[in-house]
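One structure is given here, and the rest of the page talks about it.
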Amino acid sequence: MSPYTLSMLMSSLAVGTITTLSSYHWFLAWMGLEINTLAIIPLMTKMHHPRATESATKYFLTQATASALILFSTIMNAWMTGEWTIVNMNHYTSTTILTIALAIKLGVAPFHLWLPDVLQGLNMMTCLILSTWQKLAPMALLILTSHQLNTNLLIMMALMSMVVGGWGGLNQTQMRKIMAYSSIAHLGGMAMIVPFAPNLALLNLLVYIILTSSMFMTLMALNSTSMNKLSTSWLKTPTLAAFTMIVLMALGGLPPTSGFLPKWLILQEMTKQHLNMLSVTMAMSALLSLFFYLRLSYTISMTSPPHISNSNLNWREKNNLQTIPVMIMLSMMMMPMTPALLVMN
């Protein structure tokens, strides 16, 4: 792809997200979401492979359905209340349709089936953009309208998302599908806490973006798309493989990594709201996700191929890996921020 075309598409992605984040009118927010969708589709199809075309088609159809539902719910709300502003969604049917539309946009269960298939057909950089940057605009709308959405429906979908995200990743061997189910589980945690503490959902989104970006960057550096390729990474770059295990533990939420911070605060807030059964179910579903992160760590550190690897060994590191140590340090070092975050909360 031409650098000028790539820069134009990346600028369009940024403009679409910023438009949605800065809007107070529903039509402007919808325009930002559409710009986002149309800007990433050429990035998906740049591989010229039937699987990439299939992924782009699935992504376009699901996002177009979600955008149509958002437009339908806002028009219905404007018809009933005379308001187009985002913070004034007072009609029950409109808020229910909006909750479903944002769940489709984000890939929250039971509207999650498109996400693993779409990620499997893309290259790692596009997967990184789709798993991190493309979540910003829908999550911002979810946080802005958190006090108006259908809370029972949102909690039910969030709980289902955490269970499905942990359960679906158990039997996967492709790294992109494992990261897709990891994304579904993390989004379930964000959707669960949004009605009670939107600031914790924002913190969870920040930590999720840091951890997912670190994981995709290390996978790109190791050139690993499956567990079989990941098992040879220790022979090629032992230091990066060791840091990859730390990022995996952070994604699983083990202390003292950064991934433990949002899980701890979310469970604390849920118990303050006297939602003990939901808290127990969240903790148990987090164990499902932790299992396949541990399995990946075992694959990296304690397994070796039965034959000598045919891959070329790197005599020197590539020049485009300078950002990986920074992301990995953020993945490990955010726990000391906890007292400050508790004071702000």
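Note that the chain presents 46 Å² accessible area per residue, ligands and nucleic acids not counted, probe 1.4 Å.
Backbone N atoms of the range 79-113 closer than 12 Å to the 7 Å Cα→Cβ label point of Phe27 belong to residues 84-85. Taken about its Cα centre, the range 3-343 carries a charge dipole of roughly 700 debye when the Cβ of each Lys and Arg holds +1 and the Cβ of each Asp and Glu holds -1. Dipole orientation for the chain: of the candidates Trp79, Met245, Ala286, Met245 has the Cα lying most toward the positive pole (charges on Cβ; Lys, Arg +1; Asp, Glu -1). Put simply, the Cα atoms of the chain extend 69, 50, 34 Å along their principal axes, the longest span coming first.
Using the Cβ-Cβ distance between Trp79 and Thr151 with R0 set to 25 Å, the FRET efficiency from 1/(1 + (r/R0)^6) comes to roughly 0.60. Against the chain, whose longest principal axis comes from its Cα atoms, helix 238-252 is set at around 30 degrees. Relative contact order for the range 3-343: 15 percent, from Cα pairs under 8 Å spaced at least 6 residues apart, divided by residue count.
Hey, got a sec? Which chymotrypsin sites (Phe, Trp or Tyr not before Pro) in the range 180-243 land in a DSSP loop and have at most 10 other Cβ atoms within 10 Å? Don't skip to the end; give the middle numbers.
Details: sites: Tyr181, Phe196, Tyr208, Phe216, Trp234, Phe243; in loops: Phe196.
Within the range 180-243, no chymotrypsin sites (Phe, Trp or Tyr not before Pro) qualify (loop, at most 10 other Cβ atoms within 10 Å).
Computed over protein heavy atoms with a 1.4 Å probe, the carbon and sulfur contribution to the accessible area of the range 3-343 reaches 70%.
In order along the range 68-85, phi translates into HN-Hα couplings of 5, 5, 4, 5, 5, 5, 6, 5, 5, 5, 5, 5, 7, 10, x, 10, 10, 6 Hz, rounded to whole numbers, per the Karplus curve 6.51 cos²θ - 1.76 cosθ + 1.60 with θ = phi - 60° and x for Gly and Pro.
Here Val280 and Ala242 are evaluated by their C-beta separation; at R0 = 22 Å the FRET efficiency comes out at 0.05.
Cross-link partners for Lys263 among the lysines, with Cα-Cα distance under 27 Å and sequence neighbours closer than 8 places in the same chain left out: Lys105, Lys135, Lys177, Lys272. Remark: the range 7-20, residue by residue, has Karplus-estimated 3J(HN,Hα) of 5, 5, 5, 5, 5, 5, 4, 5, 5, x, 5, 5, 4, 5 Hz, where x stands for each Gly or Pro and the curve is 6.51 cos²θ - 1.76 cosθ + 1.60 at θ = phi - 60°. Each label point was placed 7 Å from the Cα along the Cα-to-Cβ direction; for Thr93 and Met10 their separation is 4.6 nm.
Can you give the FRET efficiency to the nearest 0.05 for Thr173 and Phe60, using r as the Cβ-Cβ distance and R₀ = 22 Å? Once the sixth-power term is evaluated, E becomes 0.20. Relative to the dominant Cα principal axis of the chain, helix 175-193 is inclined by about 40°. Ordering of 83-90, 108-115 by packing is 108-115, 83-90, highest average first (other Cβ atoms within 10 Å, averaged per residue).
Rounded to the nearest 10 degrees, the inclination of helix 26-44 to the longest alpha-carbon principal axis of the chain is 20 degrees. Taking the average, over residues, of other Cβ atoms within 10 Å as the packing measure, peptides 269-276, 132-139, 186-193, 1-8 rank 186-193, 132-139, 269-276, 1-8 from highest down. Distance between the 7 Å Cα→Cβ label points at Asn223 and Ile143: 3.9 nm.
The values are calculated or read from the model by the stated rules, or taken from the named source; none is laboratory data. Predicted, not measured: the structure shown is a model, and the values here were computed from it. Virtual Cβ from ideal backbone geometry, glycine too; neighbours counted across all protein chains shown. Please note that ligands, DNA and RNA were not included when accessible areas were found on the heavy atoms of the full protein model with its side chains. Shrake-Rupley method; radii C 1.70, N 1.55, O 1.52, S 1.80 Å.
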